[in-house]
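Here the structure is laid out as structure tokens; the discussion comes afterwards.
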Amino acid sequence: MNTLRKLGAAALVALAGLVVTAQPAAAEWFADVYAGASFTEKADVRVNDRAVGIATYRDLDFDTGLAYGLRFGKYFDGAPFIGIGLDGFHFGTTIGPQQV
């Protein structure tokens, strides 16, 4: 427990050092790209098909999917804590073979 307290105190000192030494920044444009795995929990799926009709599948397991996107925007010069941004992303997952 003593080691945990020392580690917590060191992290607090490091965080305080970052806050105290931070320099003011001008508003500017920003852009970023992101990607990662998407973990979807079990869910019920209802399918409405003209040929088959309505079917409900319960507690389906979803495969791990990929989520990725691009974001860009600009903070305003007059109020640098306010800005506007645009985010486009893709999220997809598949339903693999299920066992009853």
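The values are calculated or read from the model by the stated rules, or taken from the named source; none is laboratory data. Treat the numbers as computed from the prediction; the structure is a model and nothing was measured. FYI the Cβ positions are ideal-geometry reconstructions off the backbone, even for glycines, and counts take in every protein chain you see. With ligands, DNA and RNA removed, areas are computed over all heavy atoms of the protein, side chains included. Shrake-Rupley method; radii C 1.70, N 1.55, O 1.52, S 1.80 Å.
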Exercise. If you take the residues of segment 50-61 that are open to solvent by 90 Å² or more (accessible area, probe 1.4 Å) and not in a strand (DSSP E or B), which of them is nearest to Gly96 (Cα to Cα)?
Worked result: Val52
Exercise. Name the residues in segment 29-46 that are open to solvent by 70 Å² or more (accessible area, probe 1.4 Å) and not in a strand (DSSP E or B), would you?
Worked result: Phe39, Glu41, Lys42
Seminar exercise, completed: If we ask which residues in segment 74-85 are touching a Phe, Trp or Tyr at 6+ places or on another chain (Cβ under 6 Å) and under 27 Å from Gly36 (Cα atoms), their number turns out to be 2
Exercise. Given (1) open to solvent by 80 Å² or more (accessible area, probe 1.4 Å); (2) over 19 Å from the mean Cα position of the chain (by Cα); (3) aliphatic (A, V, I, L, M), where does Ile84 come up short, assuming only one miss?
Worked result: (2)
Exercise. Looking at this structure, is Gly96 open to solvent by less than 90 Å² (accessible area, probe 1.4 Å) and modelled with pLDDT of 90 or more?
Worked result: no
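Table: residues versus (1) acidic (Asp, Glu); (2) closer than 30 Å to Glu28 by Cα; (3) open to solvent by less than 90 Å² (accessible area, probe 1.4 Å); (4) part of a loop (DSSP other than H, G, I, E, B).
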{"site": "Asn48", "(1), (2), (3), (4)": "no, no, no, no"}
{"site": "Asp63", "(1), (2), (3), (4)": "yes, no, yes, yes"}
{"site": "Gly73", "(1), (2), (3), (4)": "no, yes, yes, no"}
{"site": "Phe91", "(1), (2), (3), (4)": "no, yes, no, no"}
Problem set entry | Flag if Ala67 is closer than 30 Å to Pro97 by Cβ and among the aliphatic types (A, V, I, L, M) | yes
